[in-house]
Amino acid sequence: MDRSKFEDLRPQIQRGVQWAAGRSLNHAAVAALRLGLPFPPYPADGALVMETIGRKTGRRRLVPMGCLKDVDRLLVVAEHGRRSDWLRNALAAPGSKVRLWLAGRPYTGRVHVLDDEDPEELLARIGNKVHTATIRTMAYEPCVVAIDLGA
């Protein structure tokens, strides 16, 4: 296949992979991480489960993701940037507040995009090679998101 044709199809391929992951592995990852257990490629203390409410459907959504704890906030890479459904749902919530689980404990937080931060630098700081490779493969305009805890 011509590379330019692949690039044209990349968003659709990514959505298909996301859909498949959301229907299978994500359910198992969410269950383990909410209990504080590791679920490869996520270590128990380097991952969170974020709960958002669908901005269109009103349905509860649970998404596992790798993170880096930075004092009183968590940093994550939104692999599809501002197009990420979880980020769009979180930003649409009143006050951009979300519920999440980290190492088996529930928290609330406020989500905001850090436009000046480099996603590649954050992935290097997180240091999880499998997670980083997955994000790099699937990423389309990634961005760094901060979740201020207890907000």
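The values are calculated or read from the model by the stated rules, or taken from the named source; none is laboratory data. Just so it is clear, the structure is predicted and the values come from calculations on it, not from any experiment. When we count neighbours, we look across all protein chains shown, and the Cβ atoms used for this are built from the backbone with ideal geometry, even at glycine.
Going by the conditions given, is Thr57 surrounded by 22 or more Cβ atoms within 10 Å (Cβ to Cβ) and polar (S, T, N, Q)? No, not satisfied.
Scan the stretch 30-45 for residues that are at pLDDT 85 or above and either touching a Ser or Thr at 6+ places or on another chain (Cβ under 9 Å) or not hydrophobic (A, V, I, L, M, F, W, C) (or both) and the total you get is 2. Of the candidates Leu35, Leu75, the single residue that is in contact (Cβ under 8 Å) with a residue 12 or more places away in the chain and over 13 Å from Val144 (Cα atoms) is Leu35. Among the residues of the stretch 127-138, those that are among the hydrophobic types (A, V, I, L, M, F, W, C), surrounded by fewer than 21 Cβ atoms within 10 Å (Cβ to Cβ) and within 24 Å of Arg34 (Cα to Cα) comprise Val130, Ala133. Of all residues in the stretch 44-89, those satisfying the criterion of being over 11 Å from the mean Cα position of the chain (by Cα) and small (Gly, Ala, Ser) are Ala44, Gly46, Gly54, Gly58.
Checking each residue in the stretch 87-126 for being out of contact with any Gly (no Cβ under 8 Å at 6 or more places or on another chain), loosely packed, with under 15 Cβ neighbours inside 10 Å and within 16 Å of Ala47 (Cβ to Cβ) picks out Pro106, Arg125.
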